Amino acid sequence: MIQLIIGEEEQSQLYANILNEGHSKTRLKSFVVYMKSFGFKHKEICKVCRITKPTLIEYLTEFNDKGIDSFKSLKWKGQSSKLNEYKDIIDNEFEKGPPKSINEAQDRIEKLTGIRRSPTQIRMFLKKLKYKYLKTGSIPGNGDGQEERREEEREGFKKNNWNPVWKKP
């Protein structure tokens, strides 16, 4: 059993953390130590807080070694995508010929890297690479008599701007 000596000032600080702290994990850690400061048994704390005994010991040891300020730093960093390793290859490929849809981007990325991701993940990855989906506007001209010039203008517009694609702005 871990013995903690906590004064009234630290108890008030723990209580303030329980009420005011923004992250739920920090509040839980503060609550665990707060209960321990009142002499609750480990089994009771685990039951009330719905944590395991190793987690309880981890929280108490962290408080004992580093103090209450250590609760405010979260150690979780998340996972990085395997596509990040191929970021430059994908970027160069899409600069040459941008994909016209997310499904096309998904297929091309799978051919390049061998990694298949859902369309949502592909969309998020492309946005992280600063790609935007660019929609096209309407075809210029309203057919008011200058048909030949306007037809050439329309054809040029279709060649250059007609297909919606994922491009960097």
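Remark: I6 matches the filter, which requires a residue to be in a loop (DSSP other than H, G, I, E, B) and modelled with pLDDT under 90.
The residues listed here are I89, I109, I51; of these, the one that is modelled with pLDDT of 90 or more, among the aliphatic types (A, V, I, L, M) and not in a helix (DSSP H, G or I) is I51. Within region 45-81, the residues that satisfy the criterion of being at negative phi and exposed (fewer than 11 other Cβ atoms within 10 Å of the Cβ) are T52, P54, D65, D69, S73, L74, K75, W76, K77, Q79, S80. Looking only at residues in region 1-44 that are under 20 Å from K75 (Cβ atoms) and of a type in the set (S, T, N, Q), the one that is surrounded by the most Cβ atoms within 10 Å (Cβ to Cβ) is S30.
Being more than 29 Å from the chain's Cα centre (by Cα) and either assigned to a helix (DSSP H, G or I) or in the same structural domain as R117 (by TED's automatic domain parsing) (or both), is that true of even one residue in region 16-25? Yes, the conditions are met somewhere in region 16-25. In this structure, E95 does not satisfy being modelled with pLDDT under 90 and either farther than 25 Å from S80 by Cβ or touching a Gly at 6+ places or on another chain (Cβ under 9 Å) (or both). So, I115, is that one within 12 Å of L83 (Cα to Cα), assigned by TED's automatic domain parsing to the domain that holds E93, part of a loop (DSSP other than H, G, I, E, B) and modelled with pLDDT of 90 or more or not? For I115, the condition - within 12 Å of L83 (Cα to Cα), assigned by TED's automatic domain parsing to the domain that holds E93, part of a loop (DSSP other than H, G, I, E, B) and modelled with pLDDT of 90 or more - is met.
The values are calculated or read from the model by the stated rules, or taken from the named source; none is laboratory data. Here the structure is a predicted model, which is why all the values come from computation and not from measurement. As a convention, Cβ positions derive from the backbone with ideal geometry for all residues, glycine included, and neighbour counts pool all protein chains shown.
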